[in-house]
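> Just dropping this structure here.
Computed from the coordinates by the stated procedures, all read-outs in this text should not be read as laboratory data. Everything numeric here is computed off the predicted structure, so don't read it as measured data. Every residue, glycine among them, receives a Cβ derived from its backbone with ideal geometry; neighbour counts consider all protein chains shown.
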Amino acid sequence: MPSLTLAILAFLWIALTGCLLGGGLVRRLAPREWGAGSRALLAWAVGLPILAYATLALGLLGKLSPGSLVILLAVGGLLGLVLGWREIGQQGRLLRRAAAALAHSPRRLWYWALALWALTLLPQALAPPGFMDWDGLAEHLAMAKVWLQGGAIVPLWYEHHSQFPATTQMLYLLGLAFGGPVAAKLFSTLFGLLSLAAVGLLARRHFGKETAPWALAVFAATPLVGWLSMVAYVDMAAVFYCGLGLGFFLDWRREESASNPARGQKERFASAAWAGVCFGLGLAVKMQVLVFWGALLLVAAVAAFRGRRTPSRPTFGQFAAYAGIALAVASPWYLKSWVLTGNPVYPFAYSVFGGEQWSAEQARTYAYQQKSWGWGQLPPPEVFWSLPPLQRTFAGPRRPDHLLLAPVGLTFLPEKYVDKGVGRLASFLTASVGPLYLALLPLLLWGKRPKAWATIGWALAPVGLWWLMSAQYSRYFLPALAWLAPVAAGAAWQAAGRGRWSKRVLTAVIGAGLGLAILFNLPGAVHGLPVVLGTQSVDSYLASVLPGLYPTLQFVNRATPAEAKIISYGEPRLFYLDRDYLWGEPSYHRLLGYDTMRTADDLLEAYRNQGLTHVLMNQQFFPGGSPANERIATLLGEALAAGEVERMVGAPERGPYEVLAVRPASGFAGPASPAPGAGAVP
C-alpha cells in the first residue's frame, strides 16, 4: 500500500488538475457577473467529472494502464494551466477569505467550530478503509480496483451496482492508480467539504448572508454528513451537485432586474443551463438524483402554466436548457448500461427493460429488500407478495401512521432506516439525520417565509413521497437535508430576532447539535489516528478494524496461486483480495444456474465451468437469508463430505470465515495446503 505522503500528493495532483480544467471552462462559459463563490465551486463541479469521463472513455476502449492514465493527467494538467491558470489565484483568494473569517468575523466562533468538525474527519479519511467503509470495500473501491487491474471497464455480472453511473468511482480509480485507497477516499472528503460550501452559498444567496453560519452548522450537525465524508461512498458527490444545482435553479426562478430585463433574461437562461449541468453531473453520480431534478422540473412547469405572463415566467428555452443539458451530461452512463445490459437503469424497471443476468424473481427480492427499510416490519416475502396491491402498498414501514411519524423516526430511531442488524449506537453514527431539522423546521409556522422556501417546499413534496413509498433509507434522503438546512437556519434566524433570549436559546440548540456531531466523528478519529501518525502499521490497523476478514484475505492472497478464482458467500467486502473473484449468492446474478442444481456434482460443475478454484464463506451471514442459500450450503456440505472440496490448511481460526479449495476435475495433486512460506496470519 502506498505511503500516506504519496497518497496525499496523488490526490492533490488529480484534484487540482480537475479544478484547473473546470476553472478554465467556467471562466469562458459562466456569466462574469456571478460571484467568486459560485464560480469557484463550479470549477470543482465541472473539472473533476472531465477527468472521470476521460477515464471512462479509456476504460471502455480497454486502455486503462498506468501509462495511459499518466498521459491523461499530464494532458489535463497542461490544458488546465493554459485555460485556467487564473483559477489558482481565485481559489487562493477564497482560502485567504476563509482564514480572515476565522480571525476577524463576528461569527468566527461558528467558523472555528466548523473547522473543528472538519478536523475530526481527517484521521479516518486518511486511514485505510476499514470497518466504517462497507460499501467502499464491497463496491466503490472494489469495482474501481477490478477495472484498473483488468485494464478495461466491463460489466461485473456478480455485482449489479457496477452498471450504475460511476463518475465518482472513476475518480477513485485514478486515486487507486497513483496513491492507493487513501488517495481515492479523499475525494469523498473533498465532496463532503464542497457540499458544505454549496449549502453555505445557497443560504447566503437566497436566505440572507447572516443565515449562512447557521445553515453550515445545521448541515454539518447531520451525523450522516460526517460519516459519509470519511468513507469511500458516492453520496456526498450527489449531495454537492444537488445543493449547487438548487442554487442555480433558484437563481433562474428569481425575479430579474427591473432596470435591465434583457440582461435578466440572459442571466436566467445561464442559471437554468448551469442548474442543468449540475443535476446532470449528479445523475452521473447516483440514479436517485433523477427524483430531485424531476421535482424541480415539475415546480418550474407548474409555475410556467399557472403564473402571470411576466418576464420572470419560465420560457421554453430555459426549460430546454435545464432539462436537455442535464440529460445530455448524464447520458453516457445510461447509454453504456443500455448497450451492455439492455437496460439504461439496470437493474431497476426490469419489467420494462429486462436485463442481462437478472430475473423477475431477483427483481422481486431486490424490491422486497428496499421496501423493508423503515419503521415497521414487512410480512415474510411469500405473504407480502400474496397481499392485494393496496394492502401491499401500505404494509410495514408504509403503514399510514408510520408514514406520518417518519420525521420522528428518522430523528430518534435511525436504526429503522438502515440495514437490519445495525445496532442503535452504530446507527446514530452512520444513519442519523440529527435533531436539528425536527427542532427548527416547525419555526416556519411563524414569521415571514423567504420566497425560496416555496420552491423548496413544493419540490420536496414529490421527493418526500418518493422516499416514503420506495426505499426509506436515510442516505437516500440526504440531498433533501442539504436543501432543508438553509430553510431551517432561515426559520431559526427569524425566530431569533424576537428577542435576546430567543437568540441565545437557538444559538445553544444549534451549537449543541454541532457539538453532538463532532462527538459522533470522534470514534472514527480515534481509530484512525494511530495509523495516520505512523505509530501503528497498516497491516496491524486493518487486522484490528477488520478482525477475521483482513487476515483471511491476506491468507488467501498468500496461499493460493495468482490464477486462482474465489467465490465468496456472505462476504462482499473483497477489496483487499488480490485474486479474481465473484459474489456467490443467487440473489446477485445468474452466472451459475443455481435454480437447476440438484446435487453437489451440479454445483461443482458450475464452479469448474466458471474457473472457480476456492470458496470463501462468512458463516455469520451464510447460510441464511433465503432457502436458496440454505440449499447451496447443503450442497457444499455434501461436496466437502465427498472430498470434492477441502478446508485450506493454515487458514486463520479467528472469526466466522472458512476457506475451501475446490478439487480440480483431474483430482488434487496433493492435500490442499498453503503455498511455501504461507501460514496463519497473526
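> What dipole magnitude, in Debye to the nearest 20, does region 439-569 give about its Cα centre under +1 on Lys/Arg Cβ and -1 on Asp/Glu Cβ?
860
> Still on this structure, please answer the following. Nearest 5 is fine: what % of DSSP beta bridges in the chain come out antiparallel, could you say? Write out the running numbers ahead of the final one.
Details: 8 of 16 bridges.
Of all bridge pairs located within the chain, approximately 50 percent are antiparallel.
> Further question: With the contact rule set at Cα under 8 Å and sequence spacing of 6 or more, what percent relative contact order holds for region 547-662?
32
> Could you state the orientation-averaged shadow area of the convex hull built on the Cα atoms of region 369-505, in nm² to one decimal? It would help to have the intermediate numbers written out before the result.
On the way: hull surface 37.5 nm².
Here the figure is 9.4 nm², rounded to one decimal.
> Right, next: Please identify every one of the GluC sites (Glu not before Pro) in region 564-657 that sits in a loop by DSSP and has no more than 13 other beta carbons within 10 Å of its own beta carbon.
Glu653
> Something else about it: How much space per residue, in cubic angstrom, does the convex hull of the C-alpha atoms of region 547-662 take up?
Per residue, the Cα convex hull of region 547-662 comes to 95 Å³.
> Sort Leu95, Leu582, Leu171 so that the residue with the fewest other Cβ atoms within 10 Å of its own Cβ comes first and the one with the most comes last.
Leu95, Leu582, Leu171
> If I model a spin label at Lys266 and Gln377 as a point 7 Å from the Cα along the Cα→Cβ vector, what separation in nanometres do I get?
It is 6.5 nm.
> Nearest 20 debye, what's the magnitude of the dipole of region 547-662 about its Cα centre given +1 on Lys and Arg Cβ and -1 on Asp and Glu Cβ? Walk me through the intermediate numbers first.
On the way: 10 positive and 15 negative charges, 56 e Å.
Once rounded to the nearest 20, the dipole reads 260 debye.
> Also, I was wondering about something else. Per the Kirkwood treatment, what hydrodynamic radius in Å, one decimal, follows for region 182-239 from the mean inverse distance over all distinct Cα pairs? Intermediate values should be presented prior to the final figure.
Values: mean 1/r = 0.0867 Å⁻¹.
By the Kirkwood definition, the hydrodynamic radius is 11.5 Å.
> Treat each spin label as a single point 7 Å out from the Cα along the C-beta direction, and report the Ala320 to Leu193 distance in nm.
4.1
> Something else about it: Write down Rg/Rh for region 1-57, rounded to two decimals, with Rg from the C-alpha atoms and Rh from the Kirkwood relation over Cα pairs.
With Rg and the Kirkwood Rh in hand, the quotient comes to 1.11.
> If you don't mind, another one. Would you list which lysines come within 22 Å of Lys420, measuring only between C-alpha atoms, while excluding same-chain residues fewer than 8 positions from it?
Lys371
> Report, in order of residue number, the helices in the chain meeting two criteria: a C-alpha extent of 18 Å or more along the helix axis, and a mean Kyte-Doolittle hydropathy of at least 0.5; treat each whole DSSP H run as one helix.
Helices passing the filter in the chain: 4-29, 36-60, 66-84, 108-126, 167-206, 235-253, 289-306, 316-341, 451-469, 478-496, 500-533.
> If you don't mind, another one. Can you pull the Kirkwood radius for region 97-229, inverse mean 1/r over Cα pairs, to one decimal in Å? Mind showing how you got there, number by number?
Values: mean 1/r = 0.0604 Å⁻¹.
Here the Kirkwood hydrodynamic radius works out to 16.6 Å.
> Here's another thing I want to ask about it. D for region 437-541, whole µm²/s, Stokes-Einstein with Kirkwood Rh over alpha-carbon pairs at 25 °C and 0.890 mPa s: what number?
146
> So what is the relative contact order for the chain, in percent, with contacts set as C-alpha pairs under 8 Å and at least six apart?
Relative contact order, the chain: 14 percent.
> May I ask you to derive the relative contact order of region 369-411, considering only C-alpha pairs under 8 Å and at least 6 residues apart, and to give it as an integer percent?
Values: 30 pairs, mean separation 18.8, N = 43.
Normalised by residue count, the contact order of region 369-411 is 44 percent.
> Still on this structure, I have one more. Normalised radius of gyration for region 599-644, please: alpha carbon Rg relative to 2.2 N^0.38 Å, two decimal places.
This ratio for region 599-644 stands at 1.14.
> Something else about it: Please give, to one decimal in nm, the separation of the simple spin-label points placed at Arg364 and Ser105, each 7 Å out from Cα toward the Cβ.
That separation, rounded to one decimal, is 5.5 nm.
> Within a Cβ distance under 12 Å of Ala212, other residues only, what is the Lys/Arg minus Asp/Glu net charge?
Around Ala212, the surrounding residues sum to +3.
> Let me ask something additional. Which cross-chain or sequence-distant (5 or more) residues have an amide H under 5 Å from the amide H of Lys565, H modelled 1.01 Å from N in plane?
Excluding prolines and chain starts, which carry no amide H, the hits are Thr613, His614.
> In this model, which of Lys209/Lys266; Lys286/Lys416; Lys185/Lys565; Lys185/Lys286; Lys209/Lys286 are farther than 19 Å apart at the alpha-carbon?
The pairs that break the limit, which is 19 Å between Cα atoms, are Lys209/Lys266; Lys286/Lys416; Lys185/Lys565; Lys209/Lys286.
> If you take the charge dipole of the chain about its Cα centre, with +1 on Lys and Arg Cβ and -1 on Asp and Glu Cβ, which of Ala273, Trp252, Gly457 is farthest toward its positive end?
The Cα lying farthest towards the positive end belongs to Trp252.
> State the volume of the convex hull built on the alpha-carbon positions of region 414-489, expressed per residue in Å³ and rounded to an integer.
Enclosed volume per residue, from the Cα hull, is 90 Å³.
> Give me the number: length gained by fully extending Ala301 to Gln610, i.e. 0.36 nm times residue separation minus the C-alpha to C-alpha distance, one decimal in nm. Spell out each step's value before the answer.
Values: separation 309, 0.36 × 309 = 111.24 nm, distance 5.18 nm.
Stretched out fully, the Ala301 to Gln610 stretch lengthens by 106.1 nm.
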